[in-house]
Amino acid sequence: MTSRGLTYEQFEMGAVYPSQARTVTEADVANFAGLSGDFNPLHTDAEFAKATPMGERIAHGVLILAMATGMANWMGIFEGTTIALMEQVTRYKGAVKFGDTIRLEMEVIEKKPTSKPDKGVVKFAVRVKNQRGENVVEGEWTLLMKAVGQS
């Protein structure tokens, strides 16, 4: 069976992979609060949130990170070729409000072979952008990927 994911060798330094966008809804936030148990009023109480610097409810940062992992999956570049997500470094740069539309960009910033010829490590700079092109999440993801290897 052939996968559509890219192997270690196919990722080129500096290559940028953009995802399709999606709009963050109140239902997304309510579902995430129920799943995670994080009912912080900043996310779930409209009256409380009016008195915050944002002036309204915002999405959980970890929800946006989770959505980013889904957007990475939509790209297809990891389908059937990812062995492991080794590390995620995350910096929250801005709030995501209900109705904001976000998208993911992943840029190859480092590649390292491993001692096993059928595996390689790829590090990506990750940026989640809102509809105004502002980075709301930045970070790095390090993945262990399948490699063609030598027989």
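Computed from the coordinates by the stated procedures, all read-outs in this text should not be read as laboratory data. The structure displayed is predicted, hence computed values, not measured ones. Positions of Cβ are generated from backbone atoms using ideal geometry, with glycine treated the same way; all protein chains shown enter the neighbour counts.
Please tell me if E105 is more than 14 Å from S19 (Cα to Cα), in contact (Cβ under 8 Å) with a residue 24 or more places away in the chain and among the charged types (D, E, K, R). So E105 fails the test. In the range 15-31, the residues that are surrounded by 13 or more Cβ atoms within 10 Å (Cβ to Cβ) reach residues that are of a type in the set (S, T, Y) with C-beta atoms within less than 7 angstrom, at least six apart or across chains, in these pairs: A21/T101; R22/T101.
Only one of the listed residues (R103, R91) is out of contact with any Ser or Thr (no Cβ under 7 Å at 6 or more places or on another chain), part of a strand (DSSP E or B) and under 17 Å from N130 (Cβ atoms). That residue is R91.
Here K116 meets the list (1) out of contact with any strand residue (DSSP E or B) (no Cβ under 8 Å at 6 or more places or on another chain); (2) over 18 Å from T142 (Cα atoms); (3) in a loop (DSSP other than H, G, I, E, B) almost entirely, failing just condition (2). Filtering the range 38-82 to residues that are within 30 Å of V16 (Cα to Cα) and either of a type in the set (D, E) or not in a helix (DSSP H, G or I) (or both) leaves I58, A59, H60, G76, I77, F78, E79, G80, T81, T82. The set of residues in the range 64-86 that are among the aliphatic types (A, V, I, L, M), surrounded by 14 or more Cβ atoms within 10 Å (Cβ to Cβ) and either within 25 Å of Y8 (Cβ to Cβ) or over 12 Å from the mean Cα position of the chain (by Cα) (or both) comprises L65, A68, M71, A72, M75, I77, I83.
Is it the case, given these coordinates, that T101 is among the β-branched types (V, I, T) and surrounded by fewer than 17 Cβ atoms within 10 Å (Cβ to Cβ)? Against the criterion (among the β-branched types (V, I, T) and surrounded by fewer than 17 Cβ atoms within 10 Å (Cβ to Cβ)), T101 qualifies. Of the residues examined, D100 is not one that is without any contact (Cβ under 8 Å) to a residue 60 or more places away in the chain and acidic (D, E).
Checking the condition touching a Phe, Trp or Tyr at 6+ places or on another chain (Cβ under 9 Å) and surrounded by fewer than 17 Cβ atoms within 10 Å (Cβ to Cβ), which residue from V126, V89 passes? Steps first, please.
Numbers: V126 fails: surrounded by fewer than 17 Cβ atoms within 10 Å (Cβ to Cβ).
Answer to the check: V89.
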